[in-house]
Every structure is written in C-alpha cells, then in structure tokens.
Amino acid sequence: MNYAEEIRKLAKEKGALILAHNYQPTEIQDVADITGDSLELARKAKDAKENLIVMCGVYFMAETAKILSPEKTVLCPRTDAGCSLADQLTPEAVKQAKKQNFNAPFVVYVNSTAATKAECDITCTSANAADIVRSLESSTVLFGPDSNLAEWVQRQLPEKIIIPVPRGGGCPTHCKFTAEDVIEARKKYPKATIICHPECSPEVQVECDLVGSTGYMMRNCGDKDEWVIITESGILHPLQKKYPDKIFHVTESAICPSMKFISLEDLYISLRDGTTKVEVPENISSRARKAIERMIEVSK
Ligand code: 13P
C-alpha cells in the first residue's frame, strides 16, 4: 500500500489537519499539512478550522493541542511517544517549589505533562522563553524542567533571579553534546556558522555563534551559506527542503527515540480508525489552558 497517498486521501475525506514537529521522520513531515516548532504547532492547533487534528510529535504536543481545542478531536498516532524531559517535573515538585519561594511565578517549559502545567502560572517554549520571563513582574522566577534553557534565559535577563526546578533537569539528546564537539566542528568546518538549541548545556551554548529553537533555525538559516546545526538530527530534512543551496552539518546520531516512533503505517491506522483520541480531565485541562493561553497572548 502507498501509505502516503492513502493518508492524504483519508485526511481529505475526514477533514483532518496533520501537524508534525521538525524532528519527525522525513516521511511523516512530507505527508503533514504543517511542520513546525513546538510554539508554531501549539498556535496552529489553536487556530485550526478543522475539527480533527492529528499531532505527530511527542505526547505532550498532542496534549497541548487538545487542551487548546477541547471541542476538537485530537489524535495521537503513538501515545507511547513520551518525552523524558517532561517526566522530570511533577505537579508536587511545582507546588513544593512555590511554597518554598513565597509563591514566586512558575514558568513551565511546554515539554511537561498537562498535570504539571496545571500547577504553573505560564508555559514557554524554547522560542519565547526569555520573552515570557521578561513579561513577569516578579524578580524571582521558578523555571523547569529544563535547566539549560533556564540558564540561557538567565544570561539574557541578568536582572531576574531564575531558579531551575529541578536542578539539573535536561533533555538526554541535547545533553549529549559537549563543548569539545563544537570546538571540533569549528576546526572541521571553519567557514560554517554554528547554532545550537537552548536545551544544550551552557558550555555548548557559549561555544556556538547562535542559540535558537528549531523554528528560529528554520527562519534564519537562509542568512549564511554553511551551518553546523547542534540539535536533534531530524531538523536536517526541513532545513534542506527550505534552503536547498545551503550546506548543513548535523550529528546523525543525535536522535530523540520517541520523535521517531510514528511510522506512516501508524499515522494511516490512526486516521482510519480515529485512534488514539487524546483526553485530558477537565480539572487539569482548564488550569493548564490558562497557562498555555497566557503564553500565546504574551508571544503574539
Ligand atoms: P522546539 O520548540 O525548538 O521545536 O523544541 C522542541 C523540543 O522538544 C526540543 O527538544
């Protein structure tokens, strides 16, 4: 069976919108209606006119889409596609940190569970983290679960006191990159501009020329001819598609296993059978929605 063709046929028949993250397998990105970073996908899910959304990404992305569009059906082709970063911050840890810090506002990275978001004041993505923290009146801000992203924001906003919760939280895929990798890449590709994702360690970030989300990379890689891209290697496909005349070097082994779970067959079955419908309990959804909508409002 030609799954890609069947998927497009089914999507048309059922009036479905297929969203895919920039790290998804190439064949999933190619069959999707829209690809993007986590902020762009959240916005598209909210504004979609379609009543059926299929989210190809990791589970928190599908959960975010459902929270923003409770009246729509949101399908997640593989509910086992988790995010180990999201699992590093529990709702209890948020409550405890707030209690210990005079109820300081908690900025939670979208890479978190709905139940954790529900306890937080506002969400952020790697594309808008500094703007979100800047928008808060409080000089002390709790931030989690990604400590590297927290440090990146801290460097941009020295006037704020940012407390990472938990200390040392991070994405295993991005934490594998080292400063030596960047130094080596610079020797190997002396003409290239080096950009890393803010989930990389501060030691990696300071060695790079630029730091930015996958959406930032997609928007800005037209500016120079040669790039070293330090993030999950799935980004190579949309970059090459958008900028065919540029040279990109990625680390092929930098792979988020969960981002590669969804196959064309999974997506086809999901659309055909309407599986698996994402549900978020109303008492969690309504509170998490406030935190996500507040972020969308600030980053308009
Ligand atoms: P972006 O917001 O840059 O797409 O990153 C999402 C993510 O999960 C990075 O690991």
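Here, each number is a calculation from the coordinates, and none is a lab measurement. Remember, it's a predicted structure, so these values are computed and weren't measured experimentally. Virtual Cβ from ideal backbone geometry, glycine too; neighbours counted across all protein chains shown.
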(request) Using a cut-off of 11 Å between beta-carbons, work out the net charge of the residues near ALA130 (Lys and Arg +1, Asp and Glu -1, ALA130 not included). (result) +2
(request) Quick one: dipole size for the range 161-228, taken about the Cα centre, charges +1 on Lys/Arg Cβ and -1 on Asp/Glu Cβ, in debye to the nearest 20. (result) 60 debye
(request) Any chance you could run the full-extension gain for LYS290 through PHE102? It's 0.36 nm times the residue separation minus the Cα-Cα distance, nm to one decimal. (result) 65.6 nm
(request) Counting other Cβ atoms within 10 Å, keep those with at most 10, restrict to DSSP loop, and tell me which trypsin sites (Lys or Arg not before Pro) in the range 161-263 are left. (result) ARG167, LYS191
(request) Determine the dipole magnitude for the range 123-205: charges of +1 sit on the beta-carbon of Lys and Arg, -1 on that of Asp and Glu, nothing else is charged, the reference point is the Cα centre, and the result goes in debye to the nearest 20. (result) 260 debye
(request) Multiply the residue separation of GLU265 and LYS95 by 0.36 nm, subtract the distance between their alpha-carbon atoms, and state the gained length in nm to one decimal. (result) 57.1 nm
(request) Check cross-link reach from LYS99 to the lysines: straight Cα distance under 28 Å, and skip same-chain residues fewer than eight apart. (result) LYS117, LYS160, LYS290
(request) Count the net charge of all other residues whose Cβ sits under 10 Å from the Cβ of THR64, scoring Lys and Arg as +1 and Asp and Glu as -1. (result) +3
(message) Given the DSSP H assignment, sum -39500 (n - 2.57) over each helix run of at least 4 residues in the chain and divide by its residue total; what's the result at 222 nm in deg cm²/dmol, nearest 500?
(response) -12000 deg cm²/dmol
(request) First select every other residue whose beta carbon is under 11 angstrom from the beta carbon of PRO25; then total the charges, Lys and Arg +1, Asp and Glu -1. (result) -2
(message) Contact order normalised by length for the range 48-157, with contacts defined as Cα pairs under 8 Å and 6 or more residues apart; what percent is it?
(response) 23 percent
(message) Which entries of LYS66/LYS95; LYS12/LYS49; LYS246/LYS300 have Cα-Cα distances beyond 22 Å here?
(response) LYS66/LYS95; LYS246/LYS300
(request) Identify the GluC sites (Glu not before Pro) of the range 82-165 meeting these criteria: DSSP loop state and at most 15 other C-beta atoms within 10 Å of the C-beta. (result) GLU137, GLU159
(message) So if I restrict to the alpha-carbon atoms in the chain, what is the Rg, and what is Dmax, the biggest pairwise distance, in Å?
(response) 18.9, 59
(request) Mind putting a number on the dipole of the range 1-147 about its Cα centre? Charges go on the C-beta only, +1 for Lys and Arg and -1 for Asp and Glu, and I need it in Debye to the nearest 20. (result) 340 debye
(request) Wrap a convex hull around the Cα atoms of the range 56-139, take a quarter of its surface area, and give that in square nanometres. (result) 6.2 nm²
(request) Tell me the label-point distance for the pair GLU252, ARG8, using the 7 Å Cα-to-Cβ offset, in nm and rounded to one decimal. (result) 2.9 nm
(message) Sorted from largest to smallest, which semi-axis lengths in Å does the alpha carbon gyration tensor of the range 98-232 give for its equivalent ellipsoid, taking the root of 5 times each eigenvalue?
(response) 29, 14, 13
